[in-house]
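A.B. asks: First, the structure itself, so that you have it in front of you.
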Amino acid sequence: MGNAVSEPAAIKTVEASLLDRLRAITGDGGVLTGPDVSSRYPGYFMDKIEAAAIVRPRTTEQVAEVIAACNAARQPVVVQGGMSGWVRATQTNADEIVLSLERMNTIEQIDPVNRTAMVQAGVILQTLQEAIEPLALSFALDLGGRGSCQLGGNAATNAGGLRVVRYGMMREQVLGLEAVLADGRIVSSMNQMIKNNAGYDLKQLFIGSEGTLGVITRLVLRLRESPVSSNTALVSASSFDQLSRLLRHCDGAFGGLLSAFELIDNSFYRVNTAEGRHTAPLAADKPFYAIVEALGSDQERDAELFERVLGEASELGLFDDAILARSERDRTAIWAIREDLEFVVRDFQPFYAFDVSLPVGDMAGYMEDVAARLRARWPDGRIAFLGHVGDGNLHVAIGAGGDDDRHAVEGCVYEPLRQCGGSVSAEHGIGLEKKPWLSISRSAEEQALMIDIKRLLDPNNILNPGKIFDRLPVAPRAA
Ligand SMILES: Cc1cc2nc3c(=O)[nH]c(=O)nc-3n(C[C@H](O)[C@H](O)[C@H](O)COP(=O)(O)OP(=O)(O)OC[C@H]3O[C@@H](n4cnc5c(N)ncnc54)[C@H](O)[C@@H]3O)c2cc1C
């Protein structure tokens, strides 16, 4: 069947000649339209996908040709990775084209001597984790969306996750990166060394840029030796102050082995340990819980150290009660209480999720302030805090108000960040969701410089337009 007959109505907004050109570049199955677009998985918090077409290149060169053609036609392009993001950064309009990295999913090389992996950007995080496990190597980034998020998406969002306290964010795991600029130029910066101060570190521009400055096509990633030992405990505490002192105590006494320090508040703990859900290893009567985990290289020695350090912490009154995982099964059961989001999404309706960061010393006051603001407006509102406290990162889950109350609920969470210099986005990015609140965390000068960089790299504003900032005006296309 010819193109003109099979195109759906939305296609009219995109030049048919451009779609033909994109088909020629990407070959068989490279361009999806119509029901193949609308029936696709829409992303974590979106209810449908609208786009004129989904373009699925296989190589960097194809990406470059696609982007150059779109740039020449002033055609907006939204890059989609694994669609696991939480801030609607991959949302599209009917007149936009999606560039999906799903067919760029090759692990090109694993180098056990240099401890690096060279990958195409569409490789799923879990696929890499599983590929390197038999080599006794591990990748430091780990997060709940591991089965769907792509390494390119992890870089584009500078993902954080569960082990930042030990290894840092995605930024620290990327040694080299290749990107296609808005005019189709390929900037290959596939550095393999930890140290390289030869001028500007250009890869950092693209990391965390949410698809607005270029398309990340390939990556060189830093690998680590797989930990041999893991020791995990769940503790309960009567105050947040106890936990912040426990964090310092463990970080110092574990000698660099502390790999996770995850907060669960009473509200979240109760949701996930309610009858018929996960088993509660500790009584649900304390305001705070934390998962403490140390990863190391000697099971016997590390287990002894772990128990001794927690024993000292108990004597110092840094927690009320604790349970140690004695098997992998225990460990999985403890982590499930933190990682399972299904029940909170079901119980808290309408469900709102937030990801903020602030100094650990301000967290107790912040949580009280947010809860007070929420209850003042919605006395029956539900609220729960959890998160990567070791990194100053809190996730806030809220079930309050109606569908039209999003902005007011957001105000309860974001406004208190002004006083403590916190960030409206610890790890999920800005996307569309957090645009109205960016000025809480970035000065006018910082935002102006970001826009200057965007204009320099994408003067026609074709890459993910309208995300992070409102759509920028562009010069009209020459006749
Ligand atoms: C259960 C669950 C738990 C999660 N936990 C965490 C967590 O602990 N920490 C955390 O940081 N995140 C977490 N996330 C969010 C999400 O997994 C991350 O933001 C992830 O890095 C997004 O990757 P993705 O491939 O799904 O990107 P997408 O959602 O597809 O895209 C995100 C952004 O990146 C851009 N993008 C994607 N690929 C590219 C590319 N190749 N080149 C240029 N731009 C690109 C998109 O345009 C968009 O702006 C979680 C998600 C889920 C579902």
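Each reported figure results from applying straightforward, stated rules to the coordinates on display, with no laboratory input. Because the structure is a prediction, the values reported are computed rather than measured. Here the Cβ positions follow ideal geometry from the backbone for every residue, glycine too, while neighbour counts run over all protein chains shown.
A.B. asks: Mind pulling the angle between the C-alpha long axis of helix 444-457 and the longest principal axis of the chain? Nearest 10 degrees, somewhere in 0 to 90.
C.D. replies: So the helix axis and the longest Cα principal axis differ by about 40 degrees.
A.B. asks: Please label the shape of the chain as rounded, prolate or oblate, based on the square roots a ≥ b ≥ c of the eigenvalues of the alpha-carbon gyration tensor (a/c under 1.5 means rounded; beyond that, a/b larger than b/c means prolate, else oblate).
C.D. replies: Judged from the Cα gyration tensor, the chain comes out prolate (a/c at least 1.5, a/b above b/c).
A.B. asks: What is the Cα convex hull volume of region 197-240 when expressed per residue in Å³?
C.D. replies: Working: hull volume 10.1 nm³, N = 44.
About 229 Å³ per residue, rounded to a whole number.
A.B. asks: Continuing with the same structure: Quick one: work out the % antiparallel among DSSP beta bridges in region 52-203, nearest 5.
C.D. replies: 55 percent
A.B. asks: A further question follows. Quick one: go through region 353-376 and flag any residue whose amide nitrogen is under 20 Å from the point 7 Å out along the Cα-to-Cβ line of Ser439.
C.D. replies: Once the point is set 7 Å along Cα→Cβ of Ser439, nothing inside region 353-376 turns out to lie under 20 Å by backbone N.
A.B. asks: Oh, and also: Can you tell me how much longer the chain between Asp404 and Gln126 gets when fully stretched, taken as 0.36 nm per residue apart minus their C-alpha distance, in nm with one decimal?
C.D. replies: 96.4 nm is the gain from fully extending Asp404 to Gln126.
A.B. asks: Could I ask something else about it? So between Ile451 and Ser39, what do we pick up on full extension, going 0.36 nm a residue minus the alpha carbon distance?
C.D. replies: Separation in residues times 0.36 nm, less the Cα-Cα distance, equals 144.9 nm.
A.B. asks: Something else now. Can you give the FRET efficiency for Met46 and Leu472, using 1/(1 + (r/R0)^6), R0 = 22 Å, r = Cβ-Cβ distance, to the nearest 0.05?
C.D. replies: The formula returns an efficiency of 0.40 here.
A.B. asks: I've got another one for you. Collect residues whose amide H, placed 1.01 Å from N in the peptide plane, falls under 5 Å from the amide H of Asn464; neighbours closer than 5 in sequence don't count.
C.D. replies: So Asn464 has HN proximity to Val77, Val78, Val79.
A.B. asks: Keeping to pairs on different chains or 8 or more places apart, tell me how many lysine pairs in the chain have Cα atoms under 22 Å apart.
C.D. replies: For the chain, the number of qualifying lysine pairs is 12.
A.B. asks: Still on this structure: Which peptide among 223-236, 394-407 comes first, and what is the full order, when sorted by highest mean count of other Cβ atoms within 10 Å?
C.D. replies: Order by mean packing, descending: 223-236, 394-407.
A.B. asks: OK, next. When the gyration tensor of region 348-427 is built from Cα positions, what are the square roots of 5 times its three eigenvalues, in whole Å, from largest to smallest? Intermediate values should be presented prior to the final figure.
C.D. replies: Values: eigenvalues 83, 30, 24 Å².
Equivalent ellipsoid of region 348-427: 20, 12, 11 Å, largest first.
A.B. asks: Zone of Gln204 (label point 7 Å along Cα→Cβ, backbone N under 12 Å): which residues in region 158-173?
C.D. replies: Under cut-off, by backbone N: 171-172.
A.B. asks: For the chain, what is the calculated [θ] at 222 nm in deg cm²/dmol (nearest 500), taking -39500 (n - 2.57) for each run of four or more DSSP H residues and dividing by its residue count?
C.D. replies: Calculated from helices alone, the mean residue ellipticity at 222 nm is -9500 deg cm²/dmol.
A.B. asks: I would also like to ask the following. Given R₀ = 56 Å, FRET efficiency for Thr332-Ala24 by Cβ-Cβ distance, to 0.05? Could you put the intermediate results ahead of the total?
C.D. replies: Working: r = 49 Å, r/R0 = 0.88.
Here the calculated transfer efficiency is 0.70.
A.B. asks: Ranking Glu433, Glu102, Glu293, Glu133 by Cβ neighbours within 10 Å, fewest first, what do you get?
C.D. replies: In increasing order of surrounding Cβ atoms, one gets Glu133, Glu102, Glu433, Glu293.
A.B. asks: Where a ≥ b ≥ c are the square roots of the eigenvalues of the C-alpha gyration tensor, would you call region 384-471 rounded, which needs a/c under 1.5, or, failing that, prolate if a/b is larger than b/c, or oblate? Kindly include the intermediate steps, with their values, before the conclusion.
C.D. replies: On the way: a/c = 2.17, a/b = 1.64, b/c = 1.32.
Since a/c reaches 1.5 and a/b is larger than b/c, the shape of region 384-471 is classed as prolate.
A.B. asks: Percent antiparallel among DSSP beta bridges with both residues in the chain, to the nearest 5?
C.D. replies: 90 percent
A.B. asks: Moving to a separate point now. Compute the Rg to Rh ratio over region 171-272 from the alpha carbon atoms, using the Kirkwood formula for Rh, and round to two decimal places.
C.D. replies: Details: Rg = 20.2 Å, Rh = 17.6 Å.
Rounded to two decimals, Rg over Rh is 1.15.
A.B. asks: Amide H neighbours of Glu50 under 5 Å, counting only residues 5+ apart in sequence or on other chains, H built in-plane at 1.01 Å?
C.D. replies: When sequence neighbours closer than 5 places are left aside, the close amide H contacts are Thr92.
A.B. asks: So what is the relative contact order of the chain, in percent, for Cα pairs below 8 Å that sit 6 or more residues apart?
C.D. replies: Details: 946 pairs, mean separation 70.1, N = 479.
Reported as a whole number, the value is 15 percent.
A.B. asks: Further question on the same structure: Using the Cα gyration tensor of region 66-106, with a ≥ b ≥ c the square roots of its eigenvalues, what is the shape: rounded (a/c below 1.5), prolate (a/b larger than b/c) or oblate (neither)?
C.D. replies: Taking the square roots of the gyration eigenvalues as a ≥ b ≥ c, region 66-106 is oblate.
A.B. asks: While we're looking at this one, here's another question. Treating the angle as unsigned and between 0 and 90°, give the value, to the nearest 10°, between the Cα long axis of helix 60-72 and the longest Cα principal axis of the chain.
C.D. replies: Helix 60-72 sits at roughly 60 degrees to that axis.
A.B. asks: A further question on this structure: Karplus couplings for region 23-29 from phi (6.51 cos²θ - 1.76 cosθ + 1.60, θ = phi - 60°), rounded to Hz, Gly and Pro as x?
C.D. replies: Per residue, the Karplus-derived 3J(HN,Hα) values read 5, 5, 6, 9, x, 3, x Hz.
A.B. asks: Taking region 107-225 as the region of interest, what is the percent of Cα-Cα pairs per 5 angstrom bin, listed from the shortest bin to the one with the maximum distance?
C.D. replies: The distribution over region 107-225 is 2, 12, 24, 26, 21, 10, 4, 1, 0, given as percents.
A.B. asks: In addition: Measure nothing but the geometry: give the 0 to 90° angle between the long axis through the Cα atoms of 240-253 and the longest principal axis through the Cα atoms of the chain, rounded to 10°.
C.D. replies: 90 degrees
A.B. asks: At a 10 angstrom cut-off on C-beta neighbours, averaged per residue, how do the peptides 334-343, 103-112, 152-161 rank from highest to lowest?
C.D. replies: Details: 334-343: 18.0, 103-112: 15.4, 152-161: 26.9.
Packing proxy ranking, top to bottom: 152-161, 334-343, 103-112.
A.B. asks: Now, a different point. Of the listed peptides 240-246, 86-92, 216-222, what is their order by residue-averaged count of other C-beta atoms within 10 Å, with the highest listed first?
C.D. replies: Top to bottom by mean Cβ count within 10 Å: 216-222, 86-92, 240-246.
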